[in-house]
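Undergrad: Structure provided below as structure tokens; questions to follow.
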Amino acid sequence: MMQTQSTWLPRNLSHFWRRLRALTIKEFRQLIRDKSNLAIGIFLPIALILLFGYGLSLDIRNAPVAIVLEDGAPMARDVVAGLRGSDYIAPRYVTTMAEAEALMRGRQVDGIVRIPSDFSRQLAQGRGTVQLVVHGTDAATAASLRGYVSAAIDGWNKRRADSAGRVSAAPGVELVDRLWFNSANSSTWYLVPGLIVLIMTLVGGFLTSMVIAREWERGTMEALFVTPVRSLEILLAKIIPYFAVGMGGLTLCLVAARVLFHVPLHGSLWVLMVSSMLYLMVALSLGLLISAAARNQFLASQVAVIITFLPALMLSGFLFDLHNVPTGIQKVASILPATYYVELARMSFLAGDNLNLIVRDWTILIVQFAVLITGARLRTKKTLDR
């Protein structure tokens with residue numbers, strides 16, 4: 001049994017770069033020869049984004065809503081009373097519109113219901129106005145939220161008319177709504193950024209989950225162990241080709257998002273690219289860790305689907321608004337790298353840059369990458385023992 005390397009960086013950097021270059025060229029050639037992997041990395045992303053972008057729609061119901069009650073009169077409180085008993089809306093009372101807007105930009109609420117300070121005076125004159133602001137990145141949630149709030153206001157108007165003994169009357173309260181971050185009110189704008197996350201997960205996590213396992217099955221890992229190459233060099237050589245493929249797939253997806261689906265890019269392109277690179281590095285590291293631990297391609301592929309692709313599909317916020325899932329599921333989602341990339345991607349496309357969100361999510365992704373690549377390196381020891 002050979003001794004393991006105890007340091008991250010070699011003493012002779014020239015030998016390090018020469019070996020890394022040779023290993024990377026080897027991996028690129030192997031990737032090009034393996035047409036199935038190349039097809040998954042390049043052509044499958046386009047097929048997925050076309051299929052789901054055109055064919056998938058969602059119907060999401062629950063949403064947290066900030067209530068800004070600027071008029072404290074009993075009549076004003078009675079108008080929003082119907083929202084408190086709804087199974088579909090979770091009211092959150094705030095004192096100012098600025099506070100509600102901050103919650104909206106931080107994606108902590110999906111809508112704002114504002115009762116203006118002169119509401120009672122307006123109602124006394126015959127017509128009061130209630131303002132609704134909806135977070136439009138999720139078109140299905142936005143449409144549902146409009147419907148629920150409108151139904152609550154209509155119910156209050158009906159009760160008021162009945163109590164006054166009027167058979168029919170013009171509505172006493174009018175709902176004025178406004179849509180933020182999705183002026184086209186299109187579910188495609190909501191879906192496409194999430195699809196990019198799934199594609200990056202597929203390329204990064206699923207493909208690399210088999211690269212080290214394949215070396216063990218073919219017996220080439222033992223051949224590498226008798227050379228001067230180090231475990232870090234092996235890992236970097238595995239990452240670089242798939243990183244290039246992943247960024248190529250990302251570029252194609254961005255072109256498709258802008259040209260085919262006309263999804264706007266309100267944030268900075270460089271923020272989106274850095275976010276994508278960080279997430280891809282996390283996914284690649286996770287795939288390598290799975291591959292190094294499994295040492296079997298079939299087992300590694302199954303574990304990768306369970307640990308990377310399915311959680312990214314079901315628990316990252318791509319399909320379901322995480323505000324509406326149980327607390328335990330929210331805690332699980334908070335561990336997943338895909339959750340933060342979904343948030344960053346939708347922010348970049350639809351809402352514009354949010355510095356606090358960017359710093360928080362980038363920090364989490366960097367820490368996750370450091371932990372995963374360290375784990376992969378520890379599992380890729382120059383020894384035949386497991």
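The values are calculated or read from the model by the stated rules, or taken from the named source; none is laboratory data. Given the structure is predicted, the values throughout are model-derived calculations rather than measurements. Reconstructed Cβ throughout: ideal geometry from the backbone, glycine too, with neighbour counts over all protein chains shown. With ligands, DNA and RNA removed, areas are computed over all heavy atoms of the protein, side chains included. Shrake-Rupley method; radii C 1.70, N 1.55, O 1.52, S 1.80 Å.
Undergrad: What figure, in Å² to the nearest 10, do you get for the accessible area of Leu372 with a 1.4 Å probe and non-protein molecules left out?
TA: So the heavy atoms of Leu372 present about 30 Å² to solvent.
Undergrad: Quick check for you: with a 1.4 Å probe and neighbouring chains kept, what is the accessible area per residue of region 231-386, in Å²? Working shown, then result.
TA: On the way: 6390 Å² over 156 residues.
Solvent-accessible surface per residue comes out at 41 Å².
Undergrad: When ranked by the protection proxy of mean other Cβ atoms within 10 Å per residue, highest first, what sequence do the peptides 354-367, 291-304 form?
TA: In decreasing order of mean packing, 354-367, 291-304 become 291-304, 354-367.
Undergrad: Right, another one. Quick one: 3J(HN,Hα) in Hz for region 189-205, Karplus 6.51/-1.76/1.60 with θ = phi - 60°, rounded, Gly and Pro as x.
TA: Result, rounded to whole Hz: 4, 6, 7, 4, x, x, 5, 4, 4, 4, 5, 5, 5, 4, 5, x, x.
Undergrad: Let me ask you something else. Compute the semi-axes of the equivalent ellipsoid of region 183-298, taking the square root of 5 times each eigenvalue of the Cα gyration tensor, and list them largest first in whole Å.
TA: They are 35, 14, 10 Å, listed from largest to smallest.
Undergrad: Something else about it: Please list 3J(HN,Hα) in residue order for region 331-337, calculated via the Karplus relation 6.51 cos²θ - 1.76 cosθ + 1.60 where θ = phi - 60°; whole Hz, with x for glycine and proline.
TA: With coefficients 6.51, -1.76 and 1.60, one gets 5, 5, 4, 5, 8, 6, x Hz.
Undergrad: Once phi is turned into θ = phi - 60°, what whole-Hz ³J(HN,Hα) does the Karplus curve with 6.51, -1.76 and 1.60 give for every residue of region 226-238, x standing for Gly and Pro?
TA: Karplus values, whole Hz, x for Gly and Pro: 8, 9, x, 5, 9, 4, 4, 5, 4, 5, 4, 5, 6.
Undergrad: Would you please put 96-102, 253-259 in order of how densely packed they are, using the mean number of other Cβ atoms within 10 angstrom per residue and starting with the highest? Write out the running numbers ahead of the final one.
TA: Numbers: 96-102: 14.9, 253-259: 16.9.
Final packing ranking: 253-259, 96-102.
Undergrad: Please give, to one decimal in nm, the separation of the simple spin-label points placed at Asn296 and Ile366, each 7 Å out from Cα toward the Cβ.
TA: 3.9 nm
Undergrad: OK, next. Accessible surface of Asp154 in the full protein assembly, 1.4 angstrom probe, to the nearest 10 Å²?
TA: 90 Å²
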